[in-house]
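Below: one structure, written as structure tokens.
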Amino acid sequence: SMHTSHFDIQNPNELDSTALLRGEGRGDWNAIKDLDLFCKRVYTYFEEKGFWCIVGSRVFTLAALLFSIVFSSSLVIFVDWSSLLLDCRTDVSCLDVRTFKSPFDGSPLWTSTVLLSTTVLVVCWIWLLLKYLHEIWESLEIKNFYNEKLQISESDIATFEWSEITSRLAVYQETHTICLTKTLNAHDIANRIMRRDNYLIALLNRSVIDLSIPLPGLKRYKLLTKTLEWNIRFALLEPMFDEKNKLKRDFINNVSGFKNRLFLLAIGNFILSPFILIGLLNYFFLRYAEQLRNRPESLTTRQYTSFALWKFREFNELPHVFEQRITRSFVHADMYIEQFPSLFLSMIARFISFVASSFVAVIIAISFLNEDILLHYKIPNNDDGKNLLWYLALFTIILSVMRSLIIDKRTQIYDRKELMELVVKQTHYCPEHWKGKYHTFEVFSIFGSMYRIKPLIFLEELISIFLTPLILYFSISKSADKIMEFIRNFTDEVEGVGDVCSFATFDLTHHGDTKYGAPTNCHESKQSRFGKLEMSYLSFKAQHPHVSVPGGNQLLLNISKTVHSPPSLHLHSQHPPQMQLPLSSVNLINTNIESNNNNNNN
């Protein structure tokens with residue numbers, strides 16, 4: 001029989017844990033105990049497009065990580081770098097160079113540090129191996145569920161939309177009772193999958209959690225990297241629910257206990273920071289060395305910071321939907337950034353590019369006349385000099401990077417305001433002080449800090465290794481009382497689902513803001529910021545048209561007045577740019593209006 005799964009069957013006869021997935025058991029006694037985990041597994045299977053894609057992803061990730069550990073450790077432990085770099089000067093001297101050495105030839109401190117770092121990485125790899133084996137085993141169960149219960153084959157999974165998966169789950173629930181207390185629907189499933197993420201989205205939207213850098217002159221900067229996000233999850237989001245998906249009252253009422261966890265995590269991060277730094281540097285070198293050599297200009301491409309992505313994320317917005325939405329903004333975001341060129345920087349880049357291209361042209365011309373010069377002629381012409389091939393690579397990289405900084409006048413023909421409106425249309429993020437200022441350097445600076453070039457984001461990740469202990473102990477700990485109070489005040493119990501963030505219920509009657517189309521104008525302390533609740537519902541409704549909440553139809557009708565108004569009126573209406581909806585939402589509103597008209601006629 002199969003192993004004991006997390007998908008425990010809750011019934012008086014204590015059926016095998018995978019009875020539901022294998023089709024065994026009787027009648028309605030097929031309810032899954034940990035429905036959150038089940039929904040996450042079903043979604044992961046959909047998102048990663050089937051069992052073999054999941055297996056391939058895990059296997060190649062483990063293989064790449066193992067190669068990185070073995071390769072980098074071997075380079076550090078066994079290669080005699082001092083002899084290789086200092087003694088290899090000529091063809092003759094290089095023949096006598098000792099390439100390899102004993103791992104114990106170096107200083108005891110250095111050897112111990114390297115061996116300890118390698119041991120930590122190996123232990124992490126073994127832990128990841130066990131984790132992935134468990135995930136693959138459970139994915140096999142989900143594969144059987146998809147194939148046998150939902151009638152979706154491995155080859156067809158890539159052609160299905162998530163809304164179709166949730167519809168089939170709802171149909172299956174009608175006859176097999178996956179959930180004992182109520183019917184399954186897309187809204188409840190999303191709340192289960194994003195139970196914890198919704199709280200993080202709300203905490204950031206309401207600026208409850210303090211992520212400022214607690215250093216003089218840097219307090220106005222907020223930082224949220226992958227390292228810090230993991231710590232927030234470990235300290236707050238993961239332990240806040242019990243087995244029944246209820247908030248642990250002894251957890252949310254114990255602020256001092258939360259602060260103690262933050263303190264212990266700060267100490268742990270401080271102790272592990274050297275190992276994390278080595279791992280990240282190793283990853284960056286192996287990942288981007290080839291890219292730096294062959295396509296250095298690609299390093300100037302931009303992406304959103306982790307802080308920006310969590311600011312843009314909407315309630316109950318699943319990862320694949322969010323990724324599609326944000327991806328659609330890249331083109332216009334790049335075009336918007338290009339409308340604010342630095343003329344002085346461009347002039348410098350153009351001059352350096354001219355100098356570098358001149359050297360490249362001369363070296364290439366010399367190589368046509370005598371290719372041996374590339375390898376044997378050195379500048380300066382002594383044992384410490386570099387050959388022309390080295391200079392050719394250097395000037396080529398400089399040339400590529402400088403050319404990417406030169407202003408292309410063909411990209412300077414677009415209206416800044418219109419471009420930012422197109423960006424906002426996808427990001428759904430527009431603070432009040434941005435309105436009417438899209439063309440200004442103020443908005444460009446703020447947006448540019450959220451949409452940075454990749455090396456800066458990586459540098460931010462490196463710096464955060466040392467800043468995370470400070471932010472955990474000083475900034476987040478300082479806001480611990482507000483965090484716990486927010487969780488208590490903004491949690492609703494949903495029958496059959498458990499405790500969820502109240503914003504994620506799309507409760508427009510208790511959290512609505514008429515400025516963004518809601519039918520009820522609640523107190524500011526109960527509203528989301530920048531219309532996130534209203535836009536979250538509209539986006540979710542576009543994905544799942546059958547979902548309905550109190551006040552939802554009125555919201556659609558209110559927004560339709562903006563959507564169907566003339567363009568000039570639309571752009572200057574009282575509704576902020578978030579209300580400029582994607583086509584799917586506009587079609588949904590049109591369908592809703594037609595349905596209401598038909599009902600009125602009848």
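The values are calculated or read from the model by the stated rules, or taken from the named source; none is laboratory data. These numbers come from a predicted model, not from an experiment. Here the Cβ is made from the backbone with ideal geometry for all residues, glycine too, and neighbour counts use every protein chain on show. Side chains are part of the model used for accessible areas, which takes the heavy atoms of the whole protein and leaves out ligands, DNA and RNA. Shrake-Rupley method; radii C 1.70, N 1.55, O 1.52, S 1.80 Å.
Yes/no per residue for (1) within 26 Å of residue 191 (Cβ to Cβ); (2) at pLDDT 85 or above; (3) assigned to a helix (DSSP H, G or I); (4) hydroxyl-bearing (Ser, Thr, Tyr):
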{"position": "284", "(1), (2), (3), (4)": "no, no, yes, no"}
{"position": "288", "(1), (2), (3), (4)": "no, no, yes, yes"}
{"position": "335", "(1), (2), (3), (4)": "no, yes, yes, no"}
{"position": "348", "(1), (2), (3), (4)": "no, yes, yes, no"}
I need every pair where a residue in segment 143-160 that is within 17 Å of residue 44 (Cβ to Cβ) and part of a loop (DSSP other than H, G, I, E, B) has its Cβ under 7 Å from the Cβ of a residue that is modelled with pLDDT under 90 and of a type in the set (Phe, Trp, Tyr), sequence separation at least 6 or different chains.
150/172
For segment 506-517, how many residues are assigned to a helix (DSSP H, G or I), out of contact with any His (no Cβ under 7 Å at 6 or more places or on another chain) and aromatic (Phe, Trp, Tyr)?
0
Yes/no for residue 197 being open to solvent by 10 Å² or more (accessible area, probe 1.4 Å), modelled with pLDDT of 95 or more and in a helix (DSSP H, G or I):
yes
Of all residues in segment 30-45 being assigned to a loop (DSSP other than H, G, I, E, B) and open to solvent by less than 20 Å² (accessible area, probe 1.4 Å), which is nearest to residue 245 (Cα to Cα)?
31
Looking only at segment 412-465, and only at residues there that are open to solvent by less than 60 Å² (accessible area, probe 1.4 Å) and assigned to a strand (DSSP E or B), the one that is modelled with the lowest pLDDT
453
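I'd like the full set of residues that are under 30 Å from residue 178 (Cα atoms) and aromatic (Phe, Trp, Tyr), limited to segment 445-500.
Initially, segment 445-500 is screened for residues under 30 Å from residue 178 (Cα atoms), giving 487-488, 490-500.
Of everything in segment 445-500, just one residue is under 30 Å from residue 178 (Cα atoms) and aromatic (Phe, Trp, Tyr), namely 490.
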Of the conditions (1) more than 22 Å from residue 446 (Cα to Cα); (2) in contact with a helix residue (DSSP H, G or I) (Cβ under 9 Å, 6 or more places away or on another chain); (3) modelled with pLDDT under 85, residue 407 fails just one. Which one is it?
(1)
Go through (1) touching an Asp or Glu at 6+ places or on another chain (Cβ under 8 Å); (2) surrounded by fewer than 16 Cβ atoms within 10 Å (Cβ to Cβ); (3) without any contact (Cβ under 8 Å) to a residue 60 or more places away in the chain for residue 508 and report which single condition fails.
(2)
Can you go through 340, 315 and tell me which one is touching a helix residue (DSSP H, G or I) at 6+ places or on another chain (Cβ under 6 Å), assigned to a loop (DSSP other than H, G, I, E, B) and modelled with pLDDT under 85?
340
Any residue that is of a type outside the set (A, V, I, L, M), touching a helix residue (DSSP H, G or I) at 6+ places or on another chain (Cβ under 8 Å) and not in a helix (DSSP H, G or I) - is there at least one of those in segment 172-182?
yes
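Restricting attention to segment 368-389, which residues are in a helix (DSSP H, G or I) and either acidic (Asp, Glu) or modelled with pLDDT of 80 or more (or both)?
Step one: of segment 368-389, the residues in a helix (DSSP H, G or I) are 368-369, 372-376, 388-389.
Hits for segment 368-389 are 368, 372, 388, 389.
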Restricting attention to segment 213-248, which residues are among the hydrophobic types (A, V, I, L, M, F, W, C) and open to solvent by 30 Å² or more (accessible area, probe 1.4 Å)?
215, 218, 230, 234
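Residues checked against (1) modelled with pLDDT of 90 or more; (2) in a helix (DSSP H, G or I):
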position: 493; (1), (2): yes, no
position: 496; (1), (2): no, no
position: 504; (1), (2): yes, yes
position: 519; (1), (2): no, no
position: 530; (1), (2): no, yes
position: 542; (1), (2): no, yes
position: 546; (1), (2): no, no
position: 556; (1), (2): no, yes
position: 568; (1), (2): no, yes
Would you please name the residue that is farthest from residue 285 (Cα to Cα), looking only at residues in segment 75-92 that are modelled with pLDDT of 70 or more and polar (S, T, N, Q)?
83
Based on this model, can you work out whether residue 191 counts as open to solvent by less than 60 Å² (accessible area, probe 1.4 Å) and in contact with a strand residue (DSSP E or B) (Cβ under 9 Å, 6 or more places away or on another chain)?
yes
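Residue-by-condition table, conditions (1) touching a Gly at 6+ places or on another chain (Cβ under 9 Å); (2) within 18 Å of residue 197 (Cβ to Cβ); (3) not in a helix (DSSP H, G or I):
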position	(1), (2), (3)
216	no, no, yes
220	no, no, yes
230	no, yes, no
238	no, yes, no
250	yes, no, no
262	no, no, no
266	no, no, no
279	no, no, no
Candidates 69, 54, 126, 77 - the one that is of a type outside the set (Ser, Thr, Tyr) and closer than 30 Å to residue 178 by Cα
54
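Could you list, in sequence order, the residues of segment 362-389 that are open to solvent by less than 60 Å² (accessible area, probe 1.4 Å) and under 26 Å from residue 403 (Cα atoms)? Reasoning before the result, please.
Within segment 362-389, the subset open to solvent by less than 60 Å² (accessible area, probe 1.4 Å) is 363, 365-367, 373-374, 378, 385, 387-388.
Of everything in segment 362-389, those that are open to solvent by less than 60 Å² (accessible area, probe 1.4 Å) and under 26 Å from residue 403 (Cα atoms) turn out to be 363, 365, 366, 367, 374, 387, 388.
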Subset of segment 200-212 [open to solvent by 10 Å² or more (accessible area, probe 1.4 Å) and touching a strand residue (DSSP E or B) at 6+ places or on another chain (Cβ under 6 Å)]
212
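Could you count how many residues in segment 200-223 are over 16 Å from the mean Cα position of the chain (by Cα) and touching a residue at least 24 places away in the same chain (Cβ under 8 Å)? Quick ask: steps written out before the conclusion?
Let us first name the residues in segment 200-223 that are over 16 Å from the mean Cα position of the chain (by Cα), namely 202-203, 205-222.
Still in the list and also touching a residue at least 24 places away in the same chain (Cβ under 8 Å): 202-203, 205-215, 222.
Adding up the residues that qualify gives 14.
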Flagged in segment 225-255 as touching a residue at least 40 places away in the same chain (Cβ under 8 Å), under 23 Å from residue 468 (Cβ atoms) and hydrophobic (A, V, I, L, M, F, W, C), in numbering order, are 228, 232, 235, 236, 237, 240, 255
